[in-house]
Each structure stands twice: as C-alpha cells, then as structure tokens.
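A short write-up of the structure that comes next.
Just so you know, all these numbers are worked out from the coordinates, no wet-lab data involved. Only a predicted model underlies this, so the values are computations on that prediction, with no experimental measurement involved. Here the Cβ is made from the backbone with ideal geometry for all residues, glycine too, and neighbour counts use every protein chain on show.
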Amino acid sequence: MNEGLTILTMTPASASAAPVSPNASPLDHGPDSVSRRSSLAVNGGTPVASEAIPMIAVRIDDAEIDAAVRVMRSGRLVQGAVVKEFEAQFAAATGARFAVACSNGTTALQLAYQLLLERDQSALVPGWTFIATASMVRARPAIPVFADALHDTCCIDLASAEQQMRDSTRLIVPVHLYGNPVDIGGVQAFAARHGLKVVYDAAQSHLASYNGQPIGAYGDAVTYSFYPTKNMTTGEGGMVTTNDEALAAELRVVRDHGMRVRYLHEALGFNYRMTDVFAAIGIEQLRHLPEWTARRRANAARLDTLLRDVEGVHLPTTTPGGEHAYHLYTIRLDLDRLSCGRDTFATALAAEGCGYALHYPRPLNRQPVFLNDPEIVCPPLPVAERLAEEVLCIPVHPFLTDRQVELVAEAVTKVADAYRR
Ligand SMILES: Cc1ncc(COP(=O)(O)O)c(C=O)c1O
C-alpha cells in the first residue's frame, strides 16, 4: 500500500496587492508598528512557514484507484450496481432515506428544482453563496429572490428572506455554507408558515449535523457536490437526498432523459447520470469521510484556541444546534481594527507561506449575470456586501500536520499584529 496520492492545491493570490508601505495608514504609526510591518515576509522579512501550506488537499489512495480500475475492467461503466451501492451508503451516512447520484452539485440542484419549482415561480436564495444555488433557479427558468446573510454565521438571514418574499415564492434554498448548518429549526418553521418547499444546498457540508441528526434528515431535498475541493470527492459528482420515495423516483427519471421505460420519454429530462467509476471512488472516499471530518473539526478547534485572542480577526461562528463540518475555516477581518483591507491582508498571509481562498469576493446581487437580467431584482444586501470585503478562508483540511495548523495560526497572528490599528 503506498502513501496515497495527495494532490495539493495552493490558491493563488487572486487579490491585487497594494505594496505595503510602513506608512500605509495615518492611524497606525510609531516605531513598533513600523518594525512589525517590516518583519512581514511581503516586506522582505522571514516567512512563518518555510514551505507553503496549501489551502486544499485532495487525497486519492490505492483503494480508490483499485476500485476505479475494477469498474473499468468490468465494462459496466455508467449508472450500474456501483452507483446504486454508493447511493445506499451515502443516504445512510447523511440520515436520508433515499439518495440519487448525479453528475455534479450544480445538476443536483437542477434536478431538485425541476421537480420542486415551476417555471416562473420564485425561490428564496441567499445572496451569499456560490452562483449555482441561484443560477440553476434561473435556468429552470424561475426567479431567484435574494436574501441577506447573518453577519456571524454567514448563513441566510430569515428576517431578510421574509422581507424579500414575493407572492410567487414557493421554495427556499438555504445553504449550509462553509460546512456550517443553517438554523434548520428556523427554516422549517419559516417554510411551514409560508407554505414553501425546502431544498438545502449542502455542497460544502457532508456529515454536518443539526440537533444531533445528520443534515440529510431535513427538508424536501438536500443536494451535495463531490468536486475535488469538497470534503470528499468523486472527481466530478453530485447527489440529491430525500426522505420522499416518490420524489426520489422522479429524480431518477429526470436524471435519465425523462425515461422510466427505455425510449419512452414521459417528462423533460437530462443526462445527469453518474459513472460507476466515479461512484467507486466515492464509496472509498466515504469510508474515510468520518475520520477526515473529525480531523477538520480538530484542526478548527485548534485554530479557535490559537486565534481566540487575536484582535481584528473574528473566528467562524457555528449556528446554535449545528455541528460544523469545516469545509472551510472562514475568518472575518474587523476592518475597524486593521489598517489594511482584506486583499492586502491575504497577500501578506500568502507571503508568510499560508494558502488562502476567498469565498466569495462578490455577493450574488452584484453579479453581472443577475444585474443584467431585467426580470431579476438585485436589492442591496448590506451584510453580504460587507462579508465580501471581510472574509478570508484559511487552511483547515484534514491533511495538515499539527505543526502546519500552528503555523497557519502564527501567520494570521503575525499579519494581524502588523496591521492592527
Ligand atoms: C454552495 C454550492 N452549491 C453548489 C455547488 C456546485 O457544485 P459543483 O461544483 O459540483 O457543480 C457548489 C460548488 O462549489 C457550492 O459550493
């Protein structure tokens, strides 16, 4: 057995970094702050980590490779017994009765919307999420209605959702963002009060739980992604889980060209099937997922401890009742306490050898695809817009060593100290 293949991805510094001057802010002067800044690696100082710490790591072991090869040798490549087995195991792992595998997390959303949202109805979506949550509503074609985010948890703000709701709204799509479950109790009560269906977008939240139950146990449907950066991967891949047997059956029909009987097309469908090669990889990844998730949580707990007293940095807040899956460890910078913007902070962090990612640099109400669509209203979303200036994701993945976790915290502390007002 080899050590496994770990593919490391260092997020490039996407931000345009302003050169850091010792006199960057009139509020931060004095010899101490000047010397703290000049010790930053971005200014020629010694980096905290001599080897770059990657933001993301993907691990593929011999087991995944052997399982994929077995399927290839079998000649049964698509939507066969291995996909069925992966579906059964994934449903059990996420607390759902049924699971329907598909080609990615975007098509998982599209399958759910195809059955739970009519053309020209509207769906409440967070303005603070990945584009697919909203763009697949538009692809239905239906109307995404944007709600703001909560500043602490970064998840959908139900008070804002209440304000934005329309007569045409029939669905709400909360996102368990960064691995943090939304307030499912609040969402279910909100949906019941307004007669809405609920699709939870759990692309980032495999094995998160709420009130002790896996998140797959809630709502009309829950969608997942197996893109390589996610908590587990199949290369490309997705899943819809549901407790509704009839809905599961319909999802399978829509996934395969609207066919229940070969070449009898009852409904508009797509080819969103999963290959057995990918499912075989998924089964092996799922085996590791509890251990990897526990390691993510342990890394997050260590970062919480190490960064707790760093002024100018807010740590991730877990929704009450939720158990976070830490797909991402997302800090928020307190820009009143720092003399730099997030992008300068991020560039300095990368120079210290600490990878980072921006999820997201721009909220959905500021995306050209929606701003240029005459049928979509893009209201101001003050919290989402503020988050776009403040958030910074730092490494928390399960393949970090204990020392690397410490170095991540050291790098964040060093940069915050250098830029503190
Ligand atoms: C919240 C969210 N929804 C949906 C998706 C789409 O998943 P995929 O990339 O597998 O299509 C992603 C992927 O990044 C996501 O983060």
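Details
- Trypsin sites (Lys or Arg not before Pro) restricted to the range 246-325 and DSSP loop, no more than 15 other C-beta within 10 Å: Arg262, Arg308
- With neighbour counts taken as other beta-carbon atoms within 10 Å, the residues Tyr200, Tyr360, Tyr329 rank, fewest first, as Tyr360, Tyr329, Tyr200.
- The chain - share of DSSP beta bridges that are antiparallel (%, nearest 5): 65 percent
- Projecting label points 7 angstrom from Cα along Cα→Cβ for Arg70 and Ala246 puts them 3.8 nm apart.
- By the count of neighbouring beta-carbon atoms within 10 Å, fewest first, Met165, Met55 end up ordered Met165, Met55.
- Share antiparallel - DSSP beta bridges, the range 59-284, percent rounded to 5: 55 percent
- FRET efficiency, 1/(1 + (r/R0)^6) with R0 60 Å, evaluated for Asp402 and Tyr263 via beta carbons: 0.55
- Phi to ³J(HN,Hα) by Karplus 6.51 cos²θ - 1.76 cosθ + 1.60 over the range 248-253, Hz, x for Gly, Pro: 4, 5, 5, 4, 5, 5
- When the GluC sites (Glu not before Pro) in the range 267-349 are filtered for DSSP coil states and for at most 13 other beta-carbon atoms within 10 Å of their beta-carbon, the remaining sites are Glu311.
- Contour minus Cα-Cα distance for Thr305 and Glu375 (0.36 nm per residue): 20.5 nm
- Listed by Cβ neighbour count within 10 Å, with the fewest neighbours leading, Cys393, Cys340 appear as Cys393, Cys340.
- Backbone HN-Hα couplings from phi across the range 360-368 [Karplus 6.51/-1.76/1.60, Hz, Gly and Pro as x]: 9, x, 8, x, 5, 6, 10, 8, x
- Within a Gaussian network of the chain (alpha carbon springs, distance under 10 Å), most fluctuating of Ser103, Ser135, Ser35: Ser35
- Taking 0.36 nm per residue of sequence separation and removing the Cα-Cα distance, the Leu335/Arg362 pair yields an extension gain of 8.0 nm.
- Within the range 78-120, trypsin sites (Lys or Arg not before Pro) in DSSP loop having at most 10 other beta-carbon neighbours inside 10 Å: Arg119
- The chain: angle of helix 342-351 to the longest principal axis, Cα-based, in degrees nearest 10: 80 degrees
- Long-range HN-HN contacts of Ala208 with modeled amide H, under 5 Å: Ile215
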